[in-house]
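Colleague: Please find one structure pasted underneath; my questions will follow.
The values are calculated or read from the model by the stated rules, or taken from the named source; none is laboratory data. Worth saying up front: this structure is predicted, and the values here are computed from it rather than measured. In this analysis, Cβ positions are derived from the backbone assuming ideal geometry, glycine residues included, and neighbour counts consider all displayed protein chains. Heavy atoms of the whole protein, side chains included, go into the accessibility calculation; ligands, DNA and RNA do not. Shrake-Rupley method; radii C 1.70, N 1.55, O 1.52, S 1.80 Å.
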Amino acid sequence: MLDAVATLNAKRIVEPVLVLDPTAPESHGRARRLGVECVLPTEDVRRDDVVATLLDLRSRKGLTHDAATQLSLDPLYFADWLVRSGDVDGCVAGAAHTTADVLRAALWLVGPASGVRTVSSAFYMVVSPFRDGASGEVLTFTDCAVIPTPSASQLADIAIAAALDRRRIVGDEPLVALLSYSTYGSAEGVSVTLVREALAEIRRRAPDLTVDGELQGDAALVPAVAARKAAGSNVAGRANVLVYPSLDAGNIAYKLVERLGGASAVGPIVQGLRRPCSDLSRGATTDDIINVAAITALQAGDPSTPSLDR
(Lines give C-alpha, C1' and ligand atoms only; values in the text may rest on other atoms or scores of the structure.)
Protein backbone atom coordinates (compact mmCIF):
# COMPACT_ATOMS: atom_id res chain seq x y z
CA MET A 1 0.00 0.00 0.00
CA LEU A 2 2.77 2.45 0.91
CA ASP A 3 4.64 1.72 -2.33
CA ALA A 4 1.44 2.34 -4.30
CA VAL A 5 0.77 5.61 -2.46
CA ALA A 6 4.30 6.80 -3.23
CA THR A 7 3.76 6.15 -6.97
CA LEU A 8 0.26 7.65 -7.02
CA ASN A 9 1.59 10.80 -5.37
CA ALA A 10 4.75 11.09 -7.49
CA LYS A 11 2.83 10.65 -10.76
CA ARG A 12 -0.02 12.90 -9.56
CA ILE A 13 -2.58 10.22 -10.46
CA VAL A 14 -4.58 11.04 -7.33
CA GLU A 15 -4.04 13.08 -4.19
CA PRO A 16 -3.62 10.32 -1.58
CA VAL A 17 -4.89 10.58 1.99
CA LEU A 18 -3.68 7.80 4.27
CA VAL A 19 -5.86 6.78 7.22
CA LEU A 20 -3.44 5.25 9.70
CA ASP A 21 -4.19 2.21 11.85
CA PRO A 22 -3.99 3.11 15.57
CA THR A 23 -3.17 -0.54 16.35
CA ALA A 24 -0.08 -0.50 14.09
CA PRO A 25 2.00 2.50 15.22
CA GLU A 26 5.13 0.93 13.70
CA SER A 27 3.71 1.71 10.25
CA HIS A 28 3.14 5.40 10.89
CA GLY A 29 6.70 6.65 10.47
CA ARG A 30 7.16 5.47 6.90
CA ALA A 31 3.64 6.62 5.98
CA ARG A 32 4.31 10.13 7.25
CA ARG A 33 7.64 10.29 5.40
CA LEU A 34 5.81 9.89 2.08
CA GLY A 35 4.78 13.54 2.28
CA VAL A 36 1.04 12.93 1.83
CA GLU A 37 -1.81 13.80 4.18
CA CYS A 38 -2.08 11.28 7.02
CA VAL A 39 -5.08 10.93 9.31
CA LEU A 40 -4.83 9.14 12.66
CA PRO A 41 -8.34 8.50 14.07
CA THR A 42 -7.23 8.68 17.72
CA GLU A 43 -5.90 12.22 17.19
CA ASP A 44 -8.47 13.58 14.73
CA VAL A 45 -11.08 16.08 15.93
CA ARG A 46 -13.63 14.59 13.51
CA ARG A 47 -13.78 11.32 15.44
CA ASP A 48 -16.78 12.51 17.50
CA ASP A 49 -18.60 13.22 14.25
CA VAL A 50 -17.87 9.69 13.06
CA VAL A 51 -19.38 8.29 16.25
CA ALA A 52 -22.44 10.53 15.96
CA THR A 53 -22.99 9.55 12.32
CA LEU A 54 -22.70 5.83 13.07
CA LEU A 55 -25.21 6.12 15.91
CA ASP A 56 -27.60 8.14 13.77
CA LEU A 57 -27.45 5.53 11.04
CA ARG A 58 -27.27 2.31 13.05
CA SER A 59 -28.55 2.77 16.61
CA ARG A 60 -32.00 1.54 15.53
CA LYS A 61 -30.25 -1.60 14.31
CA GLY A 62 -28.72 -2.15 17.74
CA LEU A 63 -25.38 -0.32 17.47
CA THR A 64 -24.34 0.92 20.91
CA HIS A 65 -22.30 3.99 21.77
CA ASP A 66 -19.38 1.83 22.85
CA ALA A 67 -19.46 -0.11 19.58
CA ALA A 68 -19.68 3.09 17.53
CA THR A 69 -16.73 4.51 19.44
CA GLN A 70 -14.69 1.41 18.68
CA LEU A 71 -15.64 1.52 14.98
CA SER A 72 -14.58 5.17 14.78
CA LEU A 73 -11.02 3.98 15.46
CA ASP A 74 -11.12 1.53 12.57
CA PRO A 75 -9.36 3.06 9.53
CA LEU A 76 -11.97 1.54 7.20
CA TYR A 77 -14.95 3.17 8.92
CA PHE A 78 -13.10 6.45 9.44
CA ALA A 79 -12.13 6.51 5.74
CA ASP A 80 -15.69 5.83 4.61
CA TRP A 81 -16.91 8.61 6.89
CA LEU A 82 -14.47 10.93 5.07
CA VAL A 83 -16.08 9.80 1.79
CA ARG A 84 -19.58 10.38 3.18
CA SER A 85 -18.70 13.86 4.41
CA GLY A 86 -17.05 14.85 1.12
CA ASP A 87 -13.64 15.40 2.72
CA VAL A 88 -12.28 12.84 0.22
CA ASP A 89 -13.67 11.70 -3.13
CA GLY A 90 -13.32 7.94 -2.67
CA CYS A 91 -11.84 5.12 -0.61
CA VAL A 92 -9.56 2.21 -1.53
CA ALA A 93 -9.41 -0.62 1.01
CA GLY A 94 -9.29 -4.38 1.22
CA ALA A 95 -5.58 -5.23 1.37
CA ALA A 96 -6.15 -5.84 5.09
CA HIS A 97 -9.94 -6.38 5.12
CA THR A 98 -12.31 -8.92 3.63
CA THR A 99 -14.75 -7.95 0.89
CA ALA A 100 -17.57 -8.36 3.41
CA ASP A 101 -15.88 -5.85 5.73
CA VAL A 102 -15.31 -3.34 2.92
CA LEU A 103 -18.89 -3.57 1.66
CA ARG A 104 -20.42 -3.40 5.15
CA ALA A 105 -18.60 -0.17 5.99
CA ALA A 106 -19.45 1.33 2.61
CA LEU A 107 -23.12 0.43 2.87
CA TRP A 108 -23.39 1.77 6.39
CA LEU A 109 -21.67 5.09 5.78
CA VAL A 110 -22.01 5.83 2.05
CA GLY A 111 -24.96 3.78 0.84
CA PRO A 112 -26.28 3.11 -2.65
CA ALA A 113 -26.68 5.80 -5.30
CA SER A 114 -30.07 7.36 -5.91
CA GLY A 115 -32.43 4.86 -7.50
CA VAL A 116 -30.03 1.94 -6.95
CA ARG A 117 -31.07 -0.79 -4.55
CA THR A 118 -28.26 -3.21 -5.32
CA VAL A 119 -24.55 -2.62 -4.81
CA SER A 120 -22.53 -4.94 -7.03
CA SER A 121 -19.14 -5.24 -8.70
CA ALA A 122 -17.39 -5.45 -12.04
CA PHE A 123 -14.07 -6.58 -13.42
CA TYR A 124 -12.48 -4.66 -16.26
CA MET A 125 -10.91 -7.31 -18.49
CA VAL A 126 -8.09 -6.13 -20.73
CA VAL A 127 -8.14 -8.71 -23.53
CA SER A 128 -6.20 -9.36 -26.71
CA PRO A 129 -7.76 -8.25 -30.02
CA PHE A 130 -10.51 -10.59 -31.14
CA ARG A 131 -12.65 -8.39 -33.40
CA ASP A 132 -11.59 -6.93 -36.75
CA GLY A 133 -10.00 -3.52 -36.45
CA ALA A 134 -9.46 -3.71 -32.69
CA SER A 135 -5.94 -3.24 -31.35
CA GLY A 136 -7.07 -4.49 -27.95
CA GLU A 137 -10.21 -4.22 -25.91
CA VAL A 138 -11.51 -3.69 -22.41
CA LEU A 139 -14.61 -5.66 -21.50
CA THR A 140 -16.76 -5.09 -18.42
CA PHE A 141 -17.73 -8.35 -16.65
CA THR A 142 -20.48 -7.96 -14.05
CA ASP A 143 -21.36 -9.11 -11.38
CA CYS A 144 -18.42 -11.31 -10.44
CA ALA A 145 -18.03 -10.79 -6.69
CA VAL A 146 -21.11 -9.66 -4.75
CA ILE A 147 -24.66 -10.87 -5.62
CA PRO A 148 -24.95 -14.70 -5.76
CA THR A 149 -28.42 -15.10 -7.31
CA PRO A 150 -29.74 -11.74 -8.50
CA SER A 151 -33.44 -11.14 -9.06
CA ALA A 152 -34.54 -9.49 -12.30
CA SER A 153 -34.58 -6.09 -10.59
CA GLN A 154 -31.13 -6.69 -9.12
CA LEU A 155 -29.83 -7.73 -12.54
CA ALA A 156 -31.21 -4.47 -13.91
CA ASP A 157 -29.44 -2.52 -11.14
CA ILE A 158 -26.19 -4.33 -11.94
CA ALA A 159 -26.42 -3.58 -15.67
CA ILE A 160 -27.31 0.09 -15.20
CA ALA A 161 -24.53 0.66 -12.66
CA ALA A 162 -21.98 -1.10 -14.89
CA ALA A 163 -22.95 1.05 -17.87
CA LEU A 164 -22.70 4.28 -15.88
CA ASP A 165 -19.27 3.34 -14.51
CA ARG A 166 -18.01 2.28 -17.93
CA ARG A 167 -18.70 5.76 -19.29
CA ARG A 168 -16.57 7.21 -16.51
CA ILE A 169 -13.80 4.61 -16.43
CA VAL A 170 -13.31 3.53 -20.05
CA GLY A 171 -14.90 6.57 -21.67
CA ASP A 172 -16.73 4.82 -24.50
CA GLU A 173 -20.38 4.03 -25.17
CA PRO A 174 -21.59 1.05 -23.11
CA LEU A 175 -23.10 -1.72 -25.24
CA VAL A 176 -24.74 -4.02 -22.72
CA ALA A 177 -25.42 -7.71 -23.34
CA LEU A 178 -27.49 -9.74 -20.88
CA LEU A 179 -25.92 -13.18 -21.16
CA SER A 180 -27.68 -16.53 -21.10
CA TYR A 181 -27.43 -20.04 -22.50
CA SER A 182 -30.20 -18.90 -24.87
CA THR A 183 -30.21 -16.36 -27.71
CA TYR A 184 -33.54 -14.80 -28.65
CA GLY A 185 -35.62 -17.76 -27.50
CA SER A 186 -33.38 -20.59 -28.67
CA ALA A 187 -33.95 -22.22 -25.26
CA GLU A 188 -36.24 -21.85 -22.25
CA GLY A 189 -35.65 -22.01 -18.52
CA VAL A 190 -35.89 -20.14 -15.23
CA SER A 191 -32.70 -18.13 -15.78
CA VAL A 192 -33.74 -17.26 -19.35
CA THR A 193 -36.99 -15.83 -18.04
CA LEU A 194 -35.02 -13.90 -15.42
CA VAL A 195 -32.84 -12.29 -18.09
CA ARG A 196 -35.86 -11.33 -20.20
CA GLU A 197 -37.55 -9.71 -17.21
CA ALA A 198 -34.35 -7.82 -16.40
CA LEU A 199 -34.12 -6.56 -19.99
CA ALA A 200 -37.69 -5.25 -19.88
CA GLU A 201 -36.96 -3.42 -16.61
CA ILE A 202 -33.72 -1.89 -17.92
CA ARG A 203 -35.48 -0.59 -21.03
CA ARG A 204 -38.15 0.96 -18.84
CA ARG A 205 -35.75 2.53 -16.36
CA ALA A 206 -32.92 3.52 -18.73
CA PRO A 207 -34.46 3.97 -22.19
CA ASP A 208 -31.34 5.63 -23.61
CA LEU A 209 -29.08 2.69 -22.73
CA THR A 210 -28.03 0.40 -25.60
CA VAL A 211 -28.88 -3.05 -24.22
CA ASP A 212 -30.06 -6.39 -25.56
CA GLY A 213 -30.67 -9.96 -24.47
CA GLU A 214 -30.96 -12.75 -23.96
CA LEU A 215 -27.66 -13.44 -25.77
CA GLN A 216 -25.17 -16.28 -25.64
CA GLY A 217 -21.55 -15.29 -25.19
CA ASP A 218 -20.54 -15.88 -28.80
CA ALA A 219 -23.56 -13.96 -30.10
CA ALA A 220 -22.69 -11.04 -27.84
CA LEU A 221 -19.04 -10.86 -28.90
CA VAL A 222 -18.50 -12.29 -32.39
CA PRO A 223 -20.01 -10.38 -35.34
CA ALA A 224 -20.25 -13.43 -37.61
CA VAL A 225 -22.13 -15.41 -34.96
CA ALA A 226 -24.32 -12.42 -34.14
CA ALA A 227 -25.35 -12.16 -37.80
CA ARG A 228 -26.68 -15.73 -37.65
CA LYS A 229 -28.15 -15.83 -34.16
CA ALA A 230 -29.29 -12.25 -33.49
CA ALA A 231 -29.63 -10.42 -36.80
CA GLY A 232 -30.76 -6.85 -36.30
CA SER A 233 -29.51 -6.55 -32.71
CA ASN A 234 -27.86 -3.24 -31.86
CA VAL A 235 -25.59 -5.00 -29.33
CA ALA A 236 -24.87 -8.52 -30.62
CA GLY A 237 -21.34 -8.87 -31.96
CA ARG A 238 -20.35 -5.48 -30.45
CA ALA A 239 -20.98 -5.88 -26.71
CA ASN A 240 -18.46 -4.39 -24.27
CA VAL A 241 -20.48 -4.86 -21.06
CA LEU A 242 -21.30 -8.51 -20.28
CA VAL A 243 -23.93 -9.00 -17.58
CA TYR A 244 -23.94 -12.51 -16.13
CA PRO A 245 -27.15 -14.08 -14.78
CA SER A 246 -25.48 -15.32 -11.58
CA LEU A 247 -22.35 -14.90 -9.49
CA ASP A 248 -21.36 -18.47 -10.38
CA ALA A 249 -21.30 -17.60 -14.08
CA GLY A 250 -19.55 -14.26 -13.69
CA ASN A 251 -16.87 -15.39 -11.27
CA ILE A 252 -16.06 -18.54 -13.27
CA ALA A 253 -15.96 -16.58 -16.53
CA TYR A 254 -13.56 -13.88 -15.38
CA LYS A 255 -11.15 -16.39 -13.86
CA LEU A 256 -11.14 -18.55 -16.99
CA VAL A 257 -10.61 -15.55 -19.28
CA GLU A 258 -7.81 -14.35 -17.02
CA ARG A 259 -6.04 -17.70 -16.59
CA LEU A 260 -6.63 -19.36 -19.94
CA GLY A 261 -7.05 -16.33 -22.18
CA GLY A 262 -4.23 -14.28 -20.68
CA ALA A 263 -6.42 -11.26 -19.95
CA SER A 264 -5.62 -8.75 -17.24
CA ALA A 265 -8.44 -8.54 -14.68
CA VAL A 266 -8.75 -5.19 -12.89
CA GLY A 267 -11.11 -5.34 -9.94
CA PRO A 268 -13.42 -6.11 -8.37
CA ILE A 269 -14.66 -2.55 -8.75
CA VAL A 270 -17.62 -1.85 -6.47
CA GLN A 271 -20.46 -0.13 -8.35
CA GLY A 272 -23.78 1.39 -7.42
CA LEU A 273 -22.60 3.34 -4.37
CA ARG A 274 -23.41 7.02 -3.85
CA ARG A 275 -19.66 7.69 -3.82
CA PRO A 276 -16.88 5.23 -4.71
CA CYS A 277 -15.48 2.84 -2.12
CA SER A 278 -13.28 0.25 -3.80
CA ASP A 279 -12.31 -3.23 -2.70
CA LEU A 280 -8.89 -4.83 -3.09
CA SER A 281 -7.88 -8.44 -2.95
CA ARG A 282 -5.89 -9.18 0.19
CA GLY A 283 -3.24 -10.43 -2.21
CA ALA A 284 -3.19 -7.13 -4.10
CA THR A 285 0.10 -6.06 -5.66
CA THR A 286 1.39 -2.50 -5.85
CA ASP A 287 0.16 -2.24 -9.46
CA ASP A 288 -3.27 -3.56 -8.46
CA ILE A 289 -3.62 -0.83 -5.84
CA ILE A 290 -2.50 1.87 -8.28
CA ASN A 291 -5.00 0.71 -10.91
CA VAL A 292 -7.90 0.53 -8.47
CA ALA A 293 -7.07 3.97 -7.04
CA ALA A 294 -7.07 5.44 -10.56
CA ILE A 295 -10.41 3.80 -11.34
CA THR A 296 -11.84 5.07 -8.05
CA ALA A 297 -10.89 8.61 -9.09
CA LEU A 298 -12.63 8.11 -12.43
CA GLN A 299 -15.72 6.75 -10.66
CA ALA A 300 -15.83 9.89 -8.53
CA GLY A 301 -15.99 11.87 -11.77
CA ASP A 302 -18.21 14.91 -11.83
CA PRO A 303 -20.70 14.83 -8.92
CA SER A 304 -23.22 16.57 -11.17
CA THR A 305 -23.16 13.69 -13.69
CA PRO A 306 -26.74 12.38 -13.95
CA SER A 307 -27.52 8.75 -13.27
CA LEU A 308 -28.70 6.51 -16.09
CA ASP A 309 -31.45 5.33 -13.75
CA ARG A 310 -34.73 7.12 -14.48
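Colleague: For the range 14-103, build the charge dipole from Cβ charges (+1 Lys, Arg; -1 Asp, Glu) around the Cα centre, then report which of V36, V19, V102 sits farthest towards its positive end.
Modeller: V102
Colleague: Leaving ligands, DNA and RNA out of it, work out the accessible area of E26 with a 1.4 Å probe and give it in Å² to the nearest 10.
Modeller: Number for this one is 150 Å².
Colleague: To continue, here is another question. In whole Å, what is the distance between the alpha-carbon centres of the range 1-43 and the range 85-115?
Modeller: Between the Cα centre of the range 1-43 and that of the range 85-115, the gap is 18 Å.
Colleague: Would you mind telling me which residue in G111, G262, G29 has the biggest mean-square fluctuation in a Gaussian network model of the chain, where springs connect alpha carbons within a distance under 10 angstrom?
Modeller: G29
Colleague: Using per-residue counts of other Cβ atoms within 10 Å, averaged over each peptide, order 195-201, 51-57 from highest down.
Modeller: 195-201, 51-57
Colleague: Remind me, relative contact order of the chain in percent, using alpha carbon pairs under 8 angstrom and six or more residues apart?
Modeller: Details: 585 pairs, mean separation 71.7, N = 310.
After rounding, I find 23 percent.
Colleague: Select from D157, D49, D212 the residue whose mean-square fluctuation is largest in a Gaussian network model of the chain (Cα-Cα springs shorter than 10 Å).
Modeller: Highest fluctuation of the listed residues: D49.
Colleague: Measure off 7 Å from each Cα along the Cα-to-Cβ vector at A187 and D218, then give the distance between these two points in nanometres to one decimal.
Modeller: Label at A187, label at D218, 1.3 nm between them.
Colleague: Turning to a different aspect of this structure: Using a probe radius of 1.4 Å on heavy atoms only, what accessible surface per residue do you get for the chain? Whole Å² is fine. Intermediate values should be presented prior to the final figure.
Modeller: Values: 14350 Å² over 310 residues.
Heavy-atom accessible area per residue stands at 46 Å².
Colleague: Turning to a different aspect of this structure: Counting alpha carbon pairs within less than 8 Å and at least 6 residues apart, what relative contact order, in whole percent, applies to the range 79-216?
Modeller: Details: 171 pairs, mean separation 24.5, N = 138.
This gives 18 percent for the range 79-216.
Colleague: Loop only per DSSP, at most 12 neighbouring Cβ atoms within 10 Å: give me the trypsin sites (Lys or Arg not before Pro) in the range 215-282, ordered by residue number. Intermediate results must be reported in sequence, preceding the final value.
Modeller: Values: sites: R228, K229, R238, K255, R259, R274, R282; in loops: R238, R274, R282.
For trypsin sites (Lys or Arg not before Pro) across the range 215-282 that sit outside H, G, I, E and B with at most 12 neighbouring Cβ atoms in 10 Å, the list reads R282.
Colleague: Here's a follow-up. Grab the DSSP H runs of the chain that are 4 residues or longer, score each as -39,500 (n - 2.57), total them, divide by all residues and round the 222 nm result to the nearest 500 deg cm²/dmol. Numbers along the way, then the final one.
Modeller: Details: 12 runs with 130 residues, N = 310.
That calculation yields -12500 deg cm²/dmol at 222 nm.
Colleague: Gaussian network model of the chain, Cα springs within a sub-10 Å range: biggest mean-square fluctuation belongs to which of V110, V14, V270?
Modeller: V14
Colleague: If you place +1 on the Cβ of every Lys and Arg, -1 on the Cβ of every Asp and Glu, and leave all else neutral, what size is the dipole of the chain about its Cα centre, to the nearest 20 Debye?
Modeller: Numbers: 30 positive and 37 negative charges, 88 e Å.
Dipole magnitude for the chain comes out near 420 debye.
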